[in-house]
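Rule-based calculations on the coordinates, nothing more; no lab input. Just so it is clear, the model here is predicted, and its values are computed rather than measured. Virtual Cβ from ideal backbone geometry, glycine too; neighbours counted across all protein chains shown.
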Amino acid sequence: MKPHRSLTLRLLAYLLIAQLAALVLQPLTEVAISISGLDPYWDISLNDWGEYRAQALVVRALTKDPDGAIRLEQTEAIELYRSKHPGFRYAAFDPRSAAAVPGSSPELVAALGNFGGIEASSLRFHFSAAPDPSTRGFLRRSVTPFGTVAIVASGYRFEWRDLALVAGLFLTPHSLVVISPMLLAAVAITWFVVWRGLAPLRDTARSLARIDMNSLDQRISSKGAPAEVAPFLDALNEALSRLDAGVEAQRRFIANAAHELRTPIAIMRAHADNPDEATFRRDVKRDIRRIQTLAEQLLVTARIFNSASAAREEIDLVATALAVVADYMPLVYESKRLMAFESAVRSVVVHAHRLAIESVVGNLINNAMRAEPEGGTVLVRVGPGAMVEVIDHGAGVPAADRETIFEPFWRGSEATRGAGLGLAIAKELIDAHKGHIWVEDTPGGGATFKIFLG
């Protein structure tokens with residue numbers, strides 16, 4: 001099993017990435033301010049951001065003669081840069097002696113001399129005689145492969161590719177050392193906040209670990225939970241309520257089914273004790289049929305709610321209903337009743353579970369046979385729009401009972417034989433097909449059960 005990734009570690013990683021991104025974006029934000037001119041007191045011009053490339057070009061141009069003297073070469077990179085910016089000038093000075101390094105621009109050497117007696121680690125300047133007021137210059141002590149050297153440049157210009165260089169300046173070991181205390185403090189605070197914020201989930205896990213099939217009535221308290229966690233706990237409690245209701249219904253179903261099945265079994269035993277009765281064979285067959293019908297309905301219900309075996313197919317509702325009628329004809333004849341079949345259409349194709357539909361229609365026919373008076377006719381009719389009707393001419397169903405008859409273990413009276421499960425199972429199967437089942441009065445008396453699958 002693949003281990004779960006820690007939410008705390010992910011949040012800490014995101015925080016560190018955000019901190020580094022903010023560090024990189026800080027100079028880019030300052031560049032944006034320089035471009036926009038939003039701050040009238042902002043004394044950094046856009047071209048000032050080009051000094052970092054200029055400094056890097058000058059540092060890379062430093063070299064040392066065989067005699068150990070430092071000088072500046074006019075490298076290919078500097079020539080290319082000057083071709084774009086003809087006013088670019090550069091120089092290097094020994095910060096101790098203020099002596100210019102050979103190869104330095106005469107204009108800068110003449111202008112700065114020995115720094116005018118000023119000792120500075122860095123400064124920006126502008127030549128008052130320069131024709132372009134945006135021309136900038138800088139002096140900065142820089143650590144080079146040949147020691148500390150004062151690098152001077154002017155006439156440089158900002159280029160968009162300088163953004164990457166400017167951003168990279170803030171990702172140096174020095175910058176990381178400077179901001180490391182802030183990062184560590186942010187990590188510690190984040191870890192503590194996340195650990196405290198996830199405390200309700202840890203409590204929930206401990207509470208859930210104590211819940212089993214015998215304690216599904218327990219609920220997870222959302223008292224003190226953050227607003228973001230409370231909906232999760234509420235949804236979890238609702239799921240537990242649904243699970244508890246389902247398990248309780250299954251328990252009642254099993255217990256009551258076992259209790260109700262004792263009746264036909266006891267009757268069969270009584271008949272078996274008196275095998276010489278004239279009605280013995282008929283009664284035993286009837287009781288066996290009841291038990292068989294109930295067992296088949298329970299089996300179909302279990303199968304249809306098993307996603308692995310509840311495969312549906314296109315079936316012809318007319319042919320399916322007619323096949324069930326044909327199967328029941330011997331039983332109808334034996335019970336001294338008749339059965340008729342009608343269809344207003346030749347074919348009605350539906351997407352359904354064949355065994356489920358056969359079970360429901362068979363259950364309704366079985367009920368109608370018991371309700372139909374001797375010599376009467378049970379009518380099975382298939383109509384357009386995927387409608388099946390099973391019609392009897394018995395006592396009918398009172399209006400007050402037309403909803404409760406589909407509840408498990410409902411029976412019209414204690415004298416009614418059977419387990420009272422058939423219609424409940426039929427409704428459950430039809431509901432699973434997104435259909436509808438109900439009962440109406442038969443004109444002239446009786447009950448008409450209707451199934452709609454359209």
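Positive contributions from Lys and Arg (+1) and negative ones from Asp and Glu (-1), summed over other residues with Cβ under 12 Å from the Cβ of Ala399, come out at -3. The modelled label-to-label distance between Arg141 and Phe232, using points 7 Å beyond Cα along the C-beta direction, is 5.5 nm. Counting 0.36 nm for each residue step from Glu107 to Leu183 and taking away their Cα separation leaves a gain of 22.8 nm. Values of log10 I(q)/I(0) for region 316-385 across q = 0.11, 0.21, 0.26 Å⁻¹ run -0.26, -0.86, -1.18, by the Debye formula with one identical scatterer at each alpha carbon and no solvent. Fully extending the segment from Trp191 to Trp160 would add 7.3 nm, taking 0.36 nm per residue of separation and subtracting the current Cα-Cα distance.
The Rg/Rh ratio of region 45-159, with Rg taken over Cα atoms and Rh as the Kirkwood radius over Cα pairs, comes to 0.94. Summarising the label geometry, the points placed 7 Å from Cα in the beta-carbon direction at Arg269 and Arg206 lie 5.2 nm from one another. Residue separation of Thr75 and Val345 scaled by 0.36 nm, minus their Cα-Cα distance, works out to 87.7 nm of gained length.
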